[in-house]
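Trainee: Quick one: this structure, given as structure tokens, is what I'll be asking you about.
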Amino acid sequence: MHLLAATPGSIDDGLEPVDPGQTPADVVVISAADTELAALSAARAEMDAPPSLRLTSLHYLRHPMSVDMHLDACATRSKLVIARVLGGVGYWKYGAEQYAARCVEAGVKLALLPGDDKPDAELRGLSTVGDADYDALWSYLVEGGPQNAANFLAYARAMLEGGERPAAASPLLRAGVYWPGAGVADLSAAKAAWREGAPVVPLIFYRALLEGAGLNPINRLVKSLLRAGMAPLPVFVASLKDPVSVATLEHLFDAAPPAVILNCTAFAVGSPHDGDDGPDNPLTMQAANGAPVFQVVLAGSGEEAWATGLSGLSARDIAMNVALPEVDGRVLSRAVSFKGEAFFDEATQCPIAAYRAQGDRVEFVAELAKNWAELRATEEGARRVALVLANYPNKDGRLANGVGLDTPAGTVHVLSLLKEGGYRVSGAPTDSDALMQAVMAGPTNWLTDRAERQGGVRLSLADYRAGYAELSWDLREAMESRWGAPEDDPFLVPDTDGTGGAFALSVLEFGNVVVGMQPARGYNIDPTDSYHSPDLVPPHNYLAFYIWLRRSFGAQAVVHMGKHGNLEWLPGKALALSRDCWPEAVLGPMPHLYPFIVNDPGEGTQAKRRAQAVIIDHLTPPLTRAETYGPLRDLEALVDEYYEAAGVDPRRIDHLRREILSLSAATGLDKDVGFGGEDEATDLAKLDAYLCELKEAQIRDGLHVFGVSPGGRQERDLAIALLRVPRGQGKGRDASIIRALADDLGLGFDPLDCDMAAPWQGPRPDALHRLAPGAWRSAGDTVERLEALAVDMIEGKTPPPGVASRAVMDHAVAYVLPVLRSCGPDEGAGLLTGLSGRFVPPGPSGAPTRGRLDTLPTGRNFFSVDARAVPTPTAWALGWKSANLLIEKHLQTHGDWPRTMLLTAWGTANMRTGGDDIAQAMALMGVKPRWDSANRRVTGFEVLPEGVLARPRVDVTLRISGFFRDAFPQLIALFDSAARAVMEMDEPEDINPAAARARIEGARARIYGAKPGAYGAGLQAMIDERLWNDKADLAEAYLTWGSYAYGAKDEGRPDREGFETRLRQTEAIVQNQDNREHDILDSDDYYQFEGGAAAAVETLQGRGRPIWHNDHSRPERPVIRSLEDEIGRVVRSRVVNPKWIEGVKRHGYKGAFEIAATVDYLFAFAATTGAVRDHHFDLVEAAFLQDDDTRDFIAEHNAPALREIAERLEEAIERGLWVPRSNTARARIAAARVS
């Protein structure tokens, strides 16, 4: 047997190798803690006869070449090497292994110590010093302080020279009060500086900052909080997991109850990994008084990199100081300090670093804390709250956008909750239609007839200028360079009295609560000149809206209702914003709450990190089975009759076959199913399977109303959707309810993974026979009966038939149904908690129906994933399976192996799944991630040998989203490193096309995205504003917005030529969809990325290429589909399904909005891909315009939406995207346009 060796690879994180330039010494100390290095430097300077000492920051030794240089020049020629390795070997794998091997070889003593106070057997095992010496050295550093630092060096000297060892480490105070000028103090020292009655703001930081030059940001924060009228309470702790520190905090909180907590420590007390147990979070203990907790970042990077770049923070800082703290429910504020070199210590040959406070960032954090404290201190009846609704595209039929949310109804409900909670709410609408009629009566973002509208509020030009003057010169210059002076803004209403006019703003006032429509980004004002500007600055009217909220109305909190607005997507840094970042300039240090759908962690996280938002997550829309209807039901009956007649009545069979084929052709099903025409029996089998799969498709049954749990049929069907997919290990109560029923009934098949059209030859238990009328001849019929039995059990009509289903049903009754019923009330309570200035508990995010019951109940401040652990082993398993299925499908369909693919990677999807897309992309290349088993972190990769793959490697190019760029810098480095390693392989072109191209072209970039600081793919404005003539224009937008190269060493390098080269070589486009809580015609993102890529590839190559839209909603069973297939399925199962249409009709204005949005997205796919067929448009027109009830519903509740639907369908005809089958369709469209 021959063993195939994988080629190991390490992640190039973009760092250049650094030579520390050190000479040998008696003792070498390596540490990632700058405070520790500073303390040892100071101790050596005060010591009599110190050993020669070299101090080295671990950050300088992250590159393998740096490790090798330091070993060669210094470490292996010294006597004792001591390294503190925070996080264990997995965080410094190459370094730990090389120092262990090389030091042993050179006879140098080595102590690899944990970077904290937790034992690490692996580090100890690599060390060569005795246990007593190991423990003594570790104890000195764990305890810290000047005396222990001196004794640490004395002990090291004694190890080398002999002689008496110094005393054991002296325990230092692990936690306590600090006060500037007094040092370690007590509560009385802090109270002496407080103003009586001032809100208490604990400022929590690591004890280590007391040891070195680390207190500058703490001192500055104390002063700023005092100036803001707060009562700062600086508290140092060993860590938030340390029992002594926790007890100290509890004592101090009891004595001085906090109003707001500012936390400067890193990491989290909790864990983002499901099933991990950890200690309770001390910042949410009862003594913490429900105070909101804000994460204050003391960045490990330099100020210059932050100031001049757009990434905001390093990948390390994002993980330690942003992503993990979110697990504890901390709200990201700002980075208030950065590392800088205080001096160079010649004796230790080490630059000693110190934190340097950034003044205006400190002031921002102090103001943010003050505003939250004032919100809390204000009585409900006096609190002033702004509810802001999104609007895009900027049409009156698409006001109050919110994905999966009946935003108008939810807003009305929130107004009611506020009134019941004691807020002064007057004149509020009683239903959503009344709210939207009031909004549309006033000035909206629709410019066409805006001047004729009354209502809303006005912000005078003089008041606007007063707020505008607070912006920096750079921002004002950018705004005026693009938009001109304020008086040039088209939303400014000219004056008649010489005052200069006023901005007309879409705001409704209901006492102390207002409802406003968020202004447009500006693409609607001058679309022809703006669509190619990914980083377009907002126009004056945009700023005027928020100036009115903040200054004129005096809002104390802003609530953006639903996914998602545009504030958090304005240009600026990815996070750790500066005053010149537009989200901060617009919103300021405002308390910000954001109801957001629980299954979208990425875009919600964007609001958390760029707009200090507290998320109040809400439930997804109810899901239900599509079932069957109309002509599909008729066809199903004919197919059943055909198979029943088989072998019995040949003449009847011929007649039925003709009728089935005729009806299929009349409805376009023959094209969607993929009839070949050569073999009628095969075509009928395909049709049978297709009809079964459509019936079992999951679609939404209406929308969610924020603060209201689904009831009746919606609750029942959503509960079954939650139970249908296995959870956790998929056993016992976590089993699929449908599988459990199949097992109990002894059916002997897997209902979640079967051929629906296969003849059913298994048992036909009486429990199933009575549940569904009609024939029982296929596996699909069996699945349908199992679904019906699940319904009966949830409704209490039928007991579970066996042990397996009883376990699931017991869990359904005890947990699933109660947790669903609690979601609505918990959402409302969560919002009221946040508006009271109190802490909103955290919770995980994800798609509930993908096995993530842990995301419920909603109403929490969701967090995402530990980015360092992405892709997870689970994601890799799915990615590997999906990649192989995709390659097989492409080979079967197109007759050759795919060698180049373009794959879209979104930050949200990778957060939701743990990295399915990246895992799939790596699997296509033949590369597998490597994980540290102890901490689950991805530490590198291995290039799998050709023999394991048994097929060519695929040259994969990623088109990443802007949020992916911001949230996953380490994934960019991982994929880039892996792609380059593949290109370095010595393999023939037929096996490794990427390597062959790299040898010829030299270019190695394989990751492209939007311009740094910008987001999106550029097609939305093109489609919405009709700015294109042909597909080449759409391709140009996609290329203009996406031609920036990213990698370990590339941070958005303009590379139009490189991106075009990759697209010219692309043989297939890949888009994955990880859940069925939404679909391809639900969002502009799919057509922008998937459709934009198709348009660009076709334009550059002169031919279309396959587009694969893969279904990853069931991780154990990925399904590979073409885009054409996916669109056909979504149109039939959801879009024209009376069940879906009746569901959205329950939601008035927003229901009509959803119909209009679907038509827009269908049109956009037709424009970009050509994957929408004439009969799809025919079906849509018949369902929405030809059907009198639906047309009248839209006209009654959202007349602009009816006009917009008609205009879009007319545009499809004009552009040759649709030739209507009905002779009367054009007349209906024309009538709807003017209705």
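Trainee: Out of the DSSP beta bridges found with both residues in the stretch 873-1121, what percent are antiparallel (nearest 5)?
Mentor: Counting only bridges with both partners in the stretch 873-1121, antiparallel ones make up about 40 percent.
Trainee: By counting other Cβ atoms within 10 Å of each Cβ, how are 1168, 430 ranked from fewest to most?
Mentor: Lowest to highest Cβ neighbour count: 430, 1168.
Trainee: Right, another one. Do the alpha carbons of any pairs in 370/608; 695/889; 395/1031; 109/928; 395/563; 608/1145 sit beyond 29 Å of each other, and which pairs?
Mentor: 109/928; 608/1145
Trainee: For residue 438 and residue 19, compute 0.36 nm times the residue count separating them, minus their Cα-Cα distance, and round to one decimal in nm.
Mentor: Net length gain for the segment: 144.1 nm.
Trainee: With unit charges on the beta carbons (Lys and Arg positive, Asp and Glu negative) and the dipole taken about the Cα centre of the chain, which residue among 948, 408, 893 sits farthest to the positive side?
Mentor: Selected residue: 408.
Trainee: Another question about this same structure. Can you tell me the 0 to 90 degree angle between the C-alpha axis of helix 216-227 and the longest principal axis of the chain, rounded to 10?
Mentor: Here the helix axis deviates by roughly 70 degrees.
Trainee: Straight-line reach from residue 241: which lysines fall under 16 Å, measuring Cα to Cα and dropping same-chain residues less than 8 apart?
Mentor: Partners found: 118.
Trainee: For the stretch 765-874, build the charge dipole from Cβ charges (+1 Lys, Arg; -1 Asp, Glu) around the Cα centre, then report which of 835, 799, 849 sits farthest towards its positive end.
Mentor: 835
Trainee: GluC sites (Glu not before Pro), restricted to the stretch 1145-1204: which are DSSP loop and have at most 14 other Cβ atoms within 10 Å?
Mentor: Here no GluC sites (Glu not before Pro) fit, given the DSSP loop and packing criteria.
Trainee: Output the relative contact order of the chain, whole-number percent, from Cα pairs under 8 angstrom with separation of 6+ residues.
Mentor: That works out to 10 percent.
Trainee: For the stretch 480-531, what is the charge dipole size about the Cα centre, in debye to the nearest 20, if Lys and Arg each add +1 at the Cβ and Asp and Glu each add -1 at the Cβ?
Mentor: In debye, rounded to 20, the stretch 480-531 gives about 280.
Trainee: Let me spell out the model: positive unit charges on the Cβ of Lys and Arg, negative unit charges on the Cβ of Asp and Glu, origin at the Cα centre of the stretch 873-1121. What dipole size does that give, in debye rounded to 20?
Mentor: 480 debye
Trainee: Compute the distance in nm between two label points, each set 7 Å from the Cα along the Cα-to-Cβ direction, one at residue 854 and one at residue 380.
Mentor: The modelled label-to-label distance comes out at 3.4 nm.
Trainee: Ignoring everything except DSSP H segments at least 4 long, calculate the 222 nm mean residue ellipticity for the chain; use -39,500 (n - 2.57) per segment, divide by total residues, nearest 500.
Mentor: -12500 deg cm²/dmol
Trainee: Where both partners of a DSSP beta bridge lie in the chain, what percent of those bridges are antiparallel, to the nearest 5?
Mentor: Of the beta bridges lying entirely in the chain, close to 40 percent run antiparallel.
Trainee: In whole Å, how far is the Cα centre of the stretch 81-109 from that of the stretch 357-425?
Mentor: That distance is 52 Å.
Trainee: Something else about it: What base-10 log of the normalised intensity I(q)/I(0) is obtained for the stretch 627-696 from the Debye formula, alpha carbons as equal point scatterers, at q = 0.22 Å⁻¹?
Mentor: Results for the stretch 627-696 at q = 0.22 Å⁻¹ read -0.94.
Trainee: Could you please state, rounded to a whole Å, how far the C-alpha centre of the stretch 1030-1077 is from the C-alpha centre of the stretch 44-71?
Mentor: Cα centroid of the stretch 1030-1077 versus Cα centroid of the stretch 44-71: 44 Å apart.
Trainee: Under unit Cβ charges (Lys, Arg +1; Asp, Glu -1), what dipole magnitude, rounded to 20 debye, does the stretch 671-789 have relative to its Cα centre?
Mentor: That gives the stretch 671-789 a dipole magnitude of about 640 debye.
Trainee: If you don't mind, there's one more thing I want to ask. Of the options 139, 491, 20, report the single residue whose Cα projects farthest towards the positive end of the charge dipole of the chain (beta-carbon charges: Lys, Arg +1; Asp, Glu -1).
Mentor: About the Cα centre, the residue reaching furthest to the positive side is 139.
Trainee: Tell me, what ³J(HN,Hα) does each residue in the stretch 245-261 have, in order and in whole Hz, if you take phi through Karplus 6.51 cos²θ - 1.76 cosθ + 1.60 with θ = phi - 60° and put x for Gly and Pro?
Mentor: 5, 4, 5, 4, 4, 4, 4, 5, 5, 4, 6, 9, x, x, 9, 9, 10
Trainee: Please rank 890, 273, fewest neighbouring Cβ atoms within 10 Å first, as an exposure proxy.
Mentor: Fewest-to-most ranking of 890, 273: 273, 890.
Trainee: Let me ask something else. Would you kindly give the portion of the calculated P(r) for the chain that falls above 55 Å, as a percent of all Cα pairs?
Mentor: Above the 55 Å cut-off, the chain has 22 percent of its Cα pairs.
Trainee: On C-alpha positions alone, give me the angle between the axis of helix 1056-1065 and the longest principal axis of the chain, in degrees, nearest 10.
Mentor: So the inclination is approximately 50 degrees.
Trainee: Could you tell me the distance between the Cα centroids of the stretch 246-316 and the stretch 891-966, to the nearest Å?
Mentor: Going from one Cα centre to the other spans 34 Å.
Trainee: Can you tell me the length gained on complete extension of the stretch residue 187 to residue 105, counting 0.36 nm per residue apart and subtracting the Cα distance?
Mentor: 24.1 nm
Trainee: Find, among the GluC sites (Glu not before Pro) in the stretch 706-803, those assigned to loop by DSSP (not H, G, I, E, B) with at most 10 other beta-carbon atoms within 10 angstrom.
Mentor: Those satisfying the criteria are 795.
Trainee: Right, next: Sequence gap at least 6, Cα distance under 8 Å: using those rules, report the relative contact order of the stretch 627-696 to the nearest whole percent.
Mentor: Once normalised by length, the contact order is 37 percent.
None of the figures in this text is laboratory data; all of them are computed from the coordinates on show. Keep in mind it's a predicted model, so treat the numbers as computed, not measured. In this analysis, Cβ positions are derived from the backbone assuming ideal geometry, glycine residues included, and neighbour counts consider all displayed protein chains.
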